[in-house]
């Protein structure tokens, strides 16, 4: 918690929406957050072991790791 992350670019989020169909699916309303840098507010775990992130600037939406980028990596995207 407290780490800065950047939400993936729009094209990556759209691709994730197409292929991922398990728990905590990405919703179309979340696409507006593509590319923003924010802070991890809460970490949780799905019973299968996946980390679920709640971020400071995205309301109550939950995010999975493939939708996030390390801030240092975001400048390379």
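The values are calculated or read from the model by the stated rules, or taken from the named source; none is laboratory data. Note that this is a predicted model, so its numbers are computed, not measured. Cβ coordinates were reconstructed from backbone atoms using ideal geometry, including for glycine residues, and neighbour counts include every protein chain displayed.
Couple of notes before you dig in:
- Checking every residue in region 9-21 against the condition of being touching a strand residue (DSSP E or B) at 6+ places or on another chain (Cβ under 6 Å) and modelled with pLDDT under 95 gives zero matches.
- With respect to the conditions (1) outside any strand (DSSP E or B); (2) modelled with pLDDT of 90 or more, residue 72 falls short on a single one, namely (2).
- Among the conditions (1) in contact with a helix residue (DSSP H, G or I) (Cβ under 9 Å, 6 or more places away or on another chain); (2) crowded, with 16+ Cβ neighbours inside 10 Å; (3) outside any helix (DSSP H, G or I), residue 40 misses just one, which is (1).
- Filter pass, residue 27 being surrounded by 13 or more Cβ atoms within 10 Å (Cβ to Cβ) and either in contact with a strand residue (DSSP E or B) (Cβ under 9 Å, 6 or more places away or on another chain) or in contact (Cβ under 8 Å) with a residue 24 or more places away in the chain (or both): no
- Picking from residues in region 43-57 that are touching a residue at least 12 places away in the same chain (Cβ under 8 Å) and more than 11 Å from the chain's Cα centre (by Cα), the one that is surrounded by the fewest Cβ atoms within 10 Å (Cβ to Cβ) is 48.
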